[in-house]
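These notes are about the structure you will find just below.
Bear in mind these aren't lab numbers, they're just calculated from the coordinates by the rules spelled out. Remember, predicted model here, so these are calculated numbers, not experimental data. Quick reminder, even Gly has a Cβ in these numbers, built from the backbone with ideal geometry, and neighbours come from all protein chains shown.
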Amino acid sequence: MKKALEILRKKRKLIMMHQSADPDALGSAYAISKVFGGDIDLSGGLNRPAKRMLPMLKAEGKLMPDYSSYDAIISVDAASPTQLPAKVHVDLVIDHHMKGEDWDADVLLIDEDAFACTQVVLDLIREADEEIDEDVAFALLAGMYSDTKRLKIGDVRLFEDFTDMLEISGADMEDLASILEDRDMSIRISIMKGMQRLKFDTFRGFMICTTHVRSFESMVANALVDAGADIAFVAAPRNDEIRVSARASDRVLREGLHLGALFKELGAEIDGEGGGHDGAAGFSTSGDIEAVLKMCMTKAIDTLRAQKP
Ligand SMILES: [Mn+2]
């Protein structure tokens with residue numbers, strides 16, 4: 001573990017995954033790159049679920065990396081060097097498959113008791129005492145969810161790691177299911193419905209929009225930010241409640257907007273509960289969905305107004 005962390009502290013790192021990388025490989029690589037830094041080698045391609053994960057994480061990688069330009073090369077979720085897209089010297093192997101004989105890496109961190117490689121990565125992050133943000137938690141979750149065939153197998157450690165990350169990520173099981181299931185169409189329908197019902201306003205050059213859908217509210221909110229919104233509030237009915245998912249653009253975050261704080265304040269003003277990160281947060285309340293969205297809009301404009309002249 002110590003030796004592994006030493007390598008992870010090196011400056012220029014490349015993280016390699018097995019060819020046709022799955023959510024466990026991509027989740028591991030993404031979490032390492034976000035927490036410790038480093039490029040993700042995408043030259044081996046991704047499988048369909050991992051392809052769906054990529055935009056959800058807003059992850060980027062190198063399609064044709066120059067292997068000689070790195071201080072350290074790390075392999076994740078690959079059981080042997082033959083699974084990697086290139087023949088290169090690997091400094092650190094992080095994996096959970098049965099230890100093979102054919103690695104000549106400097107450090108092997110192989111935990112055969114882990115159900116997913118992302119659990120091994122999680123242990124490393126904990127050992128390093130680094131922070132786990134929402135996106136990293138989601139990436140780690142996706143690996144655990146996919147390598148246990150949607151939690152059909154697991155042990156106490158797996159479920160503890162899973163619930164820890166579920167809490168941090170703020171994701172729900174539908175978000176995870178949407179990666180593994182071929183539900184692209186239903187997500188796209190939610191996005192189209194969300195756009196049909198969209199209301200927007202501008203304030204000091206920022207675009208704020210609200211809408212409501214039946215599900216996938218966080219993905220619809222992401223899509224609206226991609227489409228140009230600075231703040232997107234997307235409401236959906238959840239049991240007897242209304243759940244609002246909010247996302248913010250980098251532009252408005254640079255102005256100091258914090259959606260988690262905004263929702264905390266709103267929860268004190270109306271009957272509701274919310275919180276989260278600066279750029280991604282959620283809010284639960286009850287009542288009329290249009291009225292709730294109107295309050296979100298008003299709150300956002302008030303918050304922007306209070307920030308800077
Ligand atoms: Mn795996």
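Values as computed for the structure displayed
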item	result
Most fluctuating residue given options Ile40, Ile15, Ile270, as computed from a GNM of the chain linking Cα atoms under 10 Å	Ile270
Spherically averaged projected area of the chain from its Cα convex hull (nm²)	16.7
Shape box of the stretch 192-307 [Cα atoms, principal axes, largest first, Å]	35, 32, 21
Full-extension gain in nm, Glu174 to Arg48, via 0.36 nm per residue minus C-alpha separation	43.6 nm
nm² value of the averaged projected area, convex hull over the Cα atoms of the stretch 2-180	8.9
Relative contact order (%) - criterion: Cα under 8 Å, at least six apart; region: the stretch 192-307	22
Fluctuation leader among Gly287, Gly170, Gly44 - the chain, Gaussian network, Cα springs under 10 angstrom	Gly287
Relative contact order computed over the stretch 20-174 (Cα-Cα under 8 Å; 6+ residues apart), in percent	25
Gap separating the Cα centres of the stretch 250-264 and the stretch 21-37, nearest whole Å	26
Relative contact order %, the chain, counting alpha carbon pairs below 8 Å whose residues are six or more apart	12
On Cα atoms only, tilt of 23-36 relative to the major axis of the chain in degrees	80
Whole-percent pair-distance distribution, where bins are 5 Å wide, for the alpha carbons of the stretch 1-46	6, 24, 29, 23, 13, 6, 0
Most mobile listed residue (Gln196, Gln83, Gln119) in the chain, GNM with C-alpha springs under 10 Å	Gln196
Protection-proxy order for peptides 149-160, 85-96, 227-238, each taking the mean of Cβ atoms within 10 Å per residue, highest first	227-238, 85-96, 149-160
